[in-house]
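Novice: Quick one: this structure, given as structure tokens, is what I'll be asking you about.
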Amino acid sequence: KKPVTWRLPDEEGAYWLTARMTGLPGRPVLSQRFVHAITPTVLSDAMKRRTFVALGSSDAARAFFNSRGLRMTEEFDELRPDTHTVVIWNASHLTENEKSRAKALCDFAGRGGRVVVLGASSWNWPGLCDVKIGKSRRFSRVFPHRPAPQTSLAAIRPEWLIRWNSLPGTVGLGPLEGPAMARAEKILWAKEPTTTVAALLPAAEGSGRILFVQLDLQRRLDVSKPAYDPAAERLLVSLLADTEPHPPKSP
């Protein structure tokens, strides 16, 4: 084994890194890896003025928001769509007290508030959304169902949804299933179009919708660790920066 270092191009884009292997005489082999060159993510002033309500939080969540200079809280009394964004960081860490606020979150979503659920291994909160996470699987790449109208995905290049860190099984998690999928606005799929990994789902009460994003984002945000990938950070920031209130969907 021999370590190799290289410099990514300055221009943002997707590139192939190719090594010509000559270990066998007369039989050179090309070994390729898909790499991303992504310029540093810039946070808007509007995003910095918002308060992010993180439920199912953790040290990793607090580190992410603090390191980016974003206002975060784990408590809330009154939610306002023009001020707050709710992020369910880890559904497995939700407390019973947090789950008891399902009605308030449904009301917030019904008034156009944004509720984002990040990649979950399981879901046990039907009071917020009647959805299930399918059999635990990992996907190397995901695809848009169609050109998504959500501004949160408008800045995301399709090639950024392929093999984070050039490794297999690093992008998509278990698929979304269950009763709420009958009225879902499907956004991303993996393996086949029936395997949905991102969608806007109806809240359990009212006319609001909850955005579920079954991508492996949370583990790839710490720039000091090998798992970090700038595509994951760009996608999460884009999701959080979409701060325009979403009007309730018509019945």
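The values are calculated or read from the model by the stated rules, or taken from the named source; none is laboratory data. Here the structure is a predicted model, which means the values were calculated and not measured. Because the Cβ atoms are built from the backbone with ideal geometry, glycine has one as well, and the counts that use them run over all protein chains shown. All accessible areas refer to the heavy atoms of the entire protein, side chains included, with ligands and DNA or RNA removed. Shrake-Rupley method; radii C 1.70, N 1.55, O 1.52, S 1.80 Å.
Novice: Run Ala241 past the list (1) under 13 Å from the mean Cα position of the chain (by Cα); (2) modelled with pLDDT of 90 or more; (3) among the hydrophobic types (A, V, I, L, M, F, W, C) and report the number of the one that doesn't hold.
Specialist: The one condition Ala241 does not meet is (2).
Novice: May I ask you to list the residues in the stretch 124-133 that are open to solvent by less than 30 Å² (accessible area, probe 1.4 Å) and free of Cβ contacts under 8 Å to residues at least 60 places away in the same chain?
Specialist: Listed by number, the list holds a single entry, Trp125.
Novice: Here is a follow-up. List, please: which pairs have Cβ atoms under 6 Å, are six or more places apart or on different chains, and start with a residue in the stretch 83-112 that is in contact (Cβ under 8 Å) with a residue 40 or more places away in the chain and end with one that is of a type in the set (S, T, N, Q) and surrounded by 20 or more Cβ atoms within 10 Å (Cβ to Cβ)?
Specialist: Pairs found: Trp89/Ser57.
Novice: Pairs only if they're at least six apart or on different chains, beta carbon under 6 angstrom, first in the stretch 1-18 and part of a strand (DSSP E or B), second of a type in the set (Val, Ile, Thr); list them, first residue then second.
Specialist: Taking only residues 6 or more apart or on different chains, the pairs are Tyr15/Val35; Leu17/Val35.
Novice: When residues of the stretch 141-166 are filtered for being open to solvent by 50 Å² or more (accessible area, probe 1.4 Å) and modelled with pLDDT under 65, how many remain?
Specialist: Adding up the residues that qualify gives 5.
Novice: In the stretch 185-205, what count of residues is obtained for those that are over 17 Å from Gly119 (Cα atoms) and either touching an Asp or Glu at 6+ places or on another chain (Cβ under 6 Å) or modelled with pLDDT of 95 or more (or both)?
Specialist: Count: 4.
Novice: Separate question: Taking Ser136 as the residue in question, decide whether it is modelled with pLDDT under 95, touching a Gly at 6+ places or on another chain (Cβ under 6 Å) and either surrounded by 16 or more Cβ atoms within 10 Å (Cβ to Cβ) or part of a loop (DSSP other than H, G, I, E, B) (or both).
Specialist: Considered against the rule, which asks whether it is modelled with pLDDT under 95, touching a Gly at 6+ places or on another chain (Cβ under 6 Å) and either surrounded by 16 or more Cβ atoms within 10 Å (Cβ to Cβ) or part of a loop (DSSP other than H, G, I, E, B) (or both), Ser136 comes out as yes.
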